[in-house]
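Before any comments, here is the structure.
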Amino acid sequence: MQALRVAPKIYIFDSFKEFHEEFNLGKGDILVTNEWMYTPYIKPLGTDIPVIYQEKYGKGEPSDEMIDAMVSEMKKYEYDRIIAFGGGTIVDICKILALEPAEKSVDLFTGKKKPVKVKELVVIPSTCGTGSEVTNVAIAELKTLHTKKGLAVEETYADAAVLIPESLQGLPDYVFATSSIDALIHAAESYLSPKANPFTEMYSLKAMTMIMEGYKTLLKKGNNAENRKALLKDFLLASNYAGIAFGNAGCGAVHALSYAIGGAFHVPHGEANYQFFTEIFKTYMRKNPTGKIASINEIFANILDCHVEDVYDELENLLNQLIAKKPLREYGMSEAQIDEFAKMTVDNQQRLLANNYVYLSDEEIRDIFANLY
Ligand SMILES: [Fe+2]
């Protein structure tokens, strides 16, 4: 059994200047980023590589329309290396832009066009959540098909993942909270996955500890950009470790169930995940309290300095200071959607549900939606 694979080379730099010195940005490169990231970090380097500002092609999560528009703009330039500098949207889009273009990018997601990697891809994440720099998952909304679909093949791995902690300096408080909670959940879900092994567990455990300890330190002082500065490297490393863990062992029910809420009400991914996190872990506990979940609870209890029986309450007390946990109806969910979302999850998310700590029946998945409604 293959235990661990990290496909891209991983680099870490203290500054963009150091990154530029080693990667020598110039002819043959194209940068895909947001203008608000370009101005403080790339512009001072004095490079004159072409820049594509993703925000010009649409807001929010990646879509096939956005990708198609960017493909036709990028045809104007000659390049063989794409530098993707941004959050999950930019990174996922660039995984597709590094492939031989399809007439319509939707064809790459449906399998009509075979993915062929034709450009080198360098990813610099600007959030501390997705771990997308080390995974091969690219998710996009396929507007023509009215669905969201992921592409995860060998060709969608980046060639280099570049970690530069200062790139997180401008993160708004809320984006910091949602992205880092997403990373915490990647670590926790992959730890409990049946595909976990001693290597992925090591990455999961380190990520969980770094994120939780970071929260404790931060929340004592207040979650703001100034107080976060000293912790940015830890959070960036932790989200990368969690990415390595779930890239190999997978995520489970928390991600599977949260897609229904995220998709229907446009709730940011990390916030949607948080709504399901403790409820699903409580369900796991009821079904098999003596397996690996006992060790994860002990780890959380040690960090939170509480009794293991109180661990989920204390975990919520901590995380609620970052994101509010609220009933799903407050997002606009109706009672009838309890059944609808449960069915949708069972029908579409088997890839993730296969990584659950214990088997969850259709009825138990329905109960989770009902309990949170
Ligand atoms: Fe996630």
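What follows draws every value from the coordinates through simple rules; no lab data is involved. On a predicted model such as this, the values are computed, not experimentally measured, just so you know. For neighbour counting, all protein chains shown are included, and Cβ atoms are generated from backbone atoms with ideal geometry for every residue, glycine included.
Miscellaneous remarks
- Cα-based shape type of segment 116-178, given that a ≥ b ≥ c are square roots of the gyration tensor eigenvalues and the cut on a/c is 1.5: oblate
- Ranked list, fewest to most other Cβ atoms within 10 Å of each Cβ, for Ile338, Ile280, Ile164: Ile338, Ile164, Ile280
- Cβ crowding within 10 Å, taken as a proxy for footprinting-reagent exposure, orders Asp80, Asp182 from fewest neighbours to most as Asp80, Asp182.
- Two-site FRET efficiency, Glu330 against Gln2, from Cβ-Cβ distance with R₀ of 51 Å, rounded to 0.05: 0.75
- In a simple Cβ point-charge model (Lys, Arg +1; Asp, Glu -1; nothing else charged), the chain has a dipole of about 400 debye relative to its Cα centre.
- Extension gain, Ala225-Lys59: 0.36 nm per intervening residue step, less the Cα-Cα distance, totals 57.4 nm.
- Antiparallel bridges, percent of DSSP beta bridges restricted to the chain (to nearest 5): 25
- Fraction of antiparallel bridges per DSSP, segment 64-155 only, in percent to nearest 5: 55
- One decimal place: the segment Glu363-Lys287 gains 26.0 nm when fully extended, by the rule 0.36 nm per residue minus the C-alpha distance.
- Distance from the alpha carbon centroid of segment 1-72 to that of segment 156-183 works out to 13 angstrom.
- Residues Cys94, Cys306 arranged by fewest to most Cβ contacts within 10 Å: Cys306, Cys94
- Entries in Lys282/Lys325; Lys9/Lys117; Lys112/Lys143; Lys9/Lys206; Lys9/Lys113 that, when Cα-Cα distance is taken, lie over 22 Å: Lys9/Lys113
- Cβ charges +1 (Lys, Arg) and -1 (Asp, Glu), total dipole of segment 173-372, debye: 580
- Residue-count net charge about Ser72 - beta-carbon cut-off 14 Å; Lys, Arg +1, Asp, Glu -1: -1
- Charged side chains reduced to their Cβ positions (Lys and Arg at +1, Asp and Glu at -1) give segment 302-373 a dipole of some 360 debye around its Cα centre.
- You can think of it this way: the chain between Tyr79 and Val51 has 8.9 nm of extra reach, that is 0.36 nm per residue less the Cα-Cα gap.
- Placing unit charges on the Cβ atoms of the charged side chains and taking the dipole of the chain about its Cα centre, the candidate lying farthest along the positive direction among Asn320, Ser132, Met333 is Ser132.
- Each Lys or Arg adds one and each Asp or Glu subtracts one; over the other residues with Cβ under 14 Å from the Cβ of His186, this totals -2.
- Taking a Cβ cut-off of under 13 Å around Pro165, the surrounding Lys, Arg, Asp and Glu residues balance to a net charge of -1, with basic ones at +1 and acidic ones at -1.
- Projecting the Cα atoms of Tyr191, Asn273, Ala245 onto the charge dipole of segment 173-372, computed from C-beta unit charges around the Cα centre, puts Ala245 farthest toward the positive end.
- Centroid-to-centroid, using Cα positions, segment 204-233 and segment 286-314 are 20 Å apart.
- Evaluated at q = 0.08, 0.09, 0.10, 0.22 Å⁻¹, the base-10 log of the normalised Debye intensity for segment 1-141, with identical point scatterers placed on the Cα atoms, takes the values -0.21, -0.26, -0.33, -1.59.
- Residue (of Leu97, Thr147, Gly222) at the positive-pole extreme of the chain, dipole from beta-carbon charges: Leu97
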